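Enquirer: Following this message is one structure expressed as structure tokens.
The values are calculated or read from the model by the stated rules, or taken from the named source; none is laboratory data. As the structure is a prediction and not an experimental result, all values here were calculated from the model. Cβ sites come from the backbone with ideal geometry, for glycine too, and all protein chains shown count toward neighbours. Side chains are part of the model used for accessible areas, which takes the heavy atoms of the whole protein and leaves out ligands, DNA and RNA. Shrake-Rupley method; radii C 1.70, N 1.55, O 1.52, S 1.80 Å.
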Amino acid sequence: RQSSGGVIVATASEPSIELSTDPSGDRPGIDLTRFLLTLPSTLTIDASCDSCSSPGLAASLPRVVSAFADAGWSDAVRPTLERTVEELVLIGWDDALDVSGAVERAPMLCHLREEYDPVIAAAHEASKENGELWSSLAKNVDWDKIVLPRVAVQLGVTAIVWGAEASVLTLASTYSSSDYDDGDYGGGDPLSGQLHLESLKKSIADGTGDGDQATYVNFLESEEENVIGELILMAMEGAREYLSETGTTAVGQAVGGHDDLRANELIRESVLNEAEDDDGGASNFLVLRGTPGEVLFDEFGASVAFDKVEVRGLDTLSAVDALDALGPQTLRNGLTFEQLSVTVDFNVTTGGGTAAAATKRLTFRAGARDASLTFAALLAIDLEELSSVELGGIQSISDVLPCALSHIQNATLTQLVMEAGGLDGFFAGGEFLPGDVSVVAADAFESLKEDVRRALPQIFGSAARDIINSVMGRYGSDSAACEWEKRTATESRNGPIEAAEISSDIIDFRDLLLPPEKALEYGGTGKLPYGDTFLTMYGMVDEKFRQGENSSDVSNESGASKINKLIGQYAEGQSGRSGSISLVDEDAPVDGNVTLALGPVEAAAKMAMWDVRLENVDSVGAPLELLRPVRHEPRRLNSTVSFGAVGSDKPLKLAAKVLASLTGGDENEVEITATVPRSTWTVDLEAALSEEHVMGLPLKYVDDVNCWLATIIPSLPSGIVSPSEQGRRRQQGMNNSSASHHYHNDN
């Protein structure tokens, strides 16, 4: 609201903006030499419902207006508003209005002057009637050259920030009011997308709908003879178990005071960045940076560019209910975080193109405690297309999700529920905005914070879910998400690699399966030349198999490994017996006739052997090491497996049924069993795998032994010799040299 006097003439003691004139030029007949705007000490804004259909909105609007008034928005914005109007008036006078031209034309419009022109005067009157009087004063303005002062941009940003915050607070206050009743609200029906998909598939099948009939990944059961479906189900089962397990890491104990979830360890290792926090300690958080050069707004010398998002607390999970298959293509996940905060940074530039150009940071921050997030999504992934993805397309864990989403025919977030035990304060400010603006935003939020907390399920279940669904649709059009290029000899994902470090196309198992520090220690490059997907999956599987059936570590304690569950399932499927592998079954016995000669006496004997089996193969225990890279050996893997684990009471057995009889004599059927109480098997395998062929292997063939054998280089180039072979050659040379030297001394 303006004061009744409008523009107030300044007194001599009041500050004002004065325009200087060029002393060497002519002074204009009329000029604006000073302009000052003084607003009343208290500005007010009112908001009320004239016709509102949303229950509770009529009561919410005054509460939000009162919250900003109590926070002191008037005192915070009044100086900026006064200064902005003054600056804009001066810009308009200098750059937008042709006052001198209007003075020159005035005699032609005035009846008292000899220069009066009736035609021009009539046109002028017509323009007044058409509301175009401003055109008589307006210059031919080049708007691209108009540069807004920083104070005007600050006022605009302040209005946007407060306006957006007021909208959220009004929405929260409305949702949390007793008048608002959303019925049986739950963030959406989690199976709504599944029902729509089934209806769509049915219409395509009967010819009434458009589109092609596709086979989608089934999260409940795999399609027959499709290895990708089987692998996905196995991965989901393993991931559910892995993510919900607990460990005893120091980080977890420091954050939550209890054993840390494996999910937190995985998030720290593969998702988060480590940096120093404000207190000088180590902090882990996710950083998503904007595209350089991409701006959200760029007009009148002012620009706004997204800088980055920092998400902290992703590794404070206290409960995980992941990958719960509600339908063939619908998954639901539940996550509970002890603490969660999001910081969004923008760069605001003012005075662009001038010597006064400056860029300042604009920051928004919000957080929650004991935040529980439940979300369900329809993910209709084309199984055939996904099966054709090559391993090279998912070399990095960060590539997996975009690649999978790029093959989604239909992706919809069907349910989103967010709840929090408490909310942290809201911050909007930084270098660009005055401190008073940030204080008002924080205080207004604080007064209605409890309304926001109670309304979180409704806000996320409606507006937030709609926004996320619009963003998810963008991935489907990214056809290059799974593409990959074979790295050159001088580059990798994590920096340059010297040409001398790469001798050939042969995969170095140390760089493939070991963390960078350990790979470097073992003689590899330590630069993740093959990405981190193989490393991550290998680490998860290895840790899972090294865990004992009683959750102990079989590498340090005696006991059976959890790998026995997988071995037992395979053995039962192969032989029909738990823990047994059939070598010769009953339907294909090994038999034959044998002639025995004992001096002058000959006798014909009949021999047969069947049901040959290896029993208790599911008794694996310590020591257990699978596919371990070897120090200084780029192509060698070592495996050590022990059977008959202590405490398992299941020694390894080789059993068979044997039939023996002499011609015309009795037939004797005997079962023979050889028992090995405890055994350790150690295998060293050296393999030269072609990187190009391995990374080019489609997922559909990952279970095809012949396809893996086809990735092996049949013969190594003459110049490539393994370190162990080099050692043997050096030793042989030393022996030859020693023998020659000794022979020389003897002569």
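Enquirer: Quick one: if you stick a label point 7 Å off each Cα along the C-beta vector at E237 and A464, how many nm between them?
Expert: 3.4
Enquirer: What spacing in nm lies between the two simple spin-label points modelled at I146 and M609, each 7 Å away from Cα in the Cβ direction?
Expert: Between I146 and M609, the label points sit 9.7 nm apart.
Enquirer: Starting at the first residue of region 709-716, write each ³J(HN,Hα) from the Karplus equation 6.51 cos²θ - 1.76 cosθ + 1.60 with θ = phi - 60°, in whole Hz, x for Gly and Pro.
Expert: Taking θ as phi minus 60°, the curve returns 4, 6, 7, 7, 6, x, 9, 7 Hz for region 709-716.
Enquirer: Turning to a different aspect of this structure: All other residues with a Cβ under 12 Å from the Cβ of P629 taken together, and with Lys, Arg as +1 and Asp, Glu as -1, what is their net charge? Numbers along the way, then the final one.
Expert: On the way: positive: R510, K518, R628, R631, R635, R636; negative: D508, D511, E521, D542, E625, E633, D684, E686.
Net local charge, P629 excluded: -2.
Enquirer: Further question: In what order, largest first, do R268, R678, R453, R34 sit by accessible area if the probe radius is 1.4 Å?
Expert: Numbers: R268 40, R678 115, R453 65, R34 95 Å².
Result, largest first: R678, R34, R453, R268.
Enquirer: Moving on to the next point. Okay, which of region 64-93 sit inside 18 Å, backbone N to the point 7 Å along the Cα-Cβ direction of T42?
Expert: Residues passing the 18 Å test: 64-79.
Enquirer: Residues in region 32-47, backbone N under 18 Å from the label point at V439 (7 Å along the Cα-to-beta-carbon vector): list them, ranges by number please.
Expert: 41-43
Enquirer: How much length would be gained if the chain were fully extended between T291 and A356, taking 0.36 nm per residue of separation minus their Cα-Cα distance, in nm to one decimal? Walk me through the numbers before you get to the answer.
Expert: Details: separation 65, 0.36 × 65 = 23.40 nm, distance 2.52 nm.
Contour length minus the Cα-Cα distance gives 20.9 nm.
Enquirer: Right, something else. Given R₀ = 41 Å, FRET efficiency for N706-E667 by Cβ-Cβ distance, to 0.05?
Expert: Numbers: r = 43 Å, r/R0 = 1.04.
Efficiency at R0 = 41 Å is approximately 0.45.
Enquirer: For F35, enumerate residues with amide H under 5 Å from its amide H, sequence gap 5+ or separate chain, H modeled in the peptide plane.
Expert: I17
Enquirer: Between S199 and R63, what is the FRET efficiency for a Förster distance of 35 Å, r being their Cβ-Cβ separation, to the nearest 0.05?
Expert: Numbers: r = 43 Å, r/R0 = 1.24.
My answer for the efficiency is 0.20.
Enquirer: Can you return the lysines within cross-link range of K650? Criterion is Cα-Cα under 26 Å, with same-chain partners fewer than 8 residues away left out.
Expert: Straight-line reach from K650, under 26 Å: K544, K562, K565.
Enquirer: Return the distance in nm (one decimal) between the two label points of a simple spin-label model at L323 and V309, each offset 7 Å from Cα along Cα→Cβ.
Expert: It is 2.4 nm.
Enquirer: Right, something else. Please compute the length gained on full extension between A660 and S270, using 0.36 nm multiplied by the number of residues separating them and subtracting their Cα-Cα distance. Please report the intermediate quantities before stating the final value.
Expert: Values: separation 390, 0.36 × 390 = 140.40 nm, distance 6.16 nm.
Gain on extension, A660 to S270, equals 134.2 nm.
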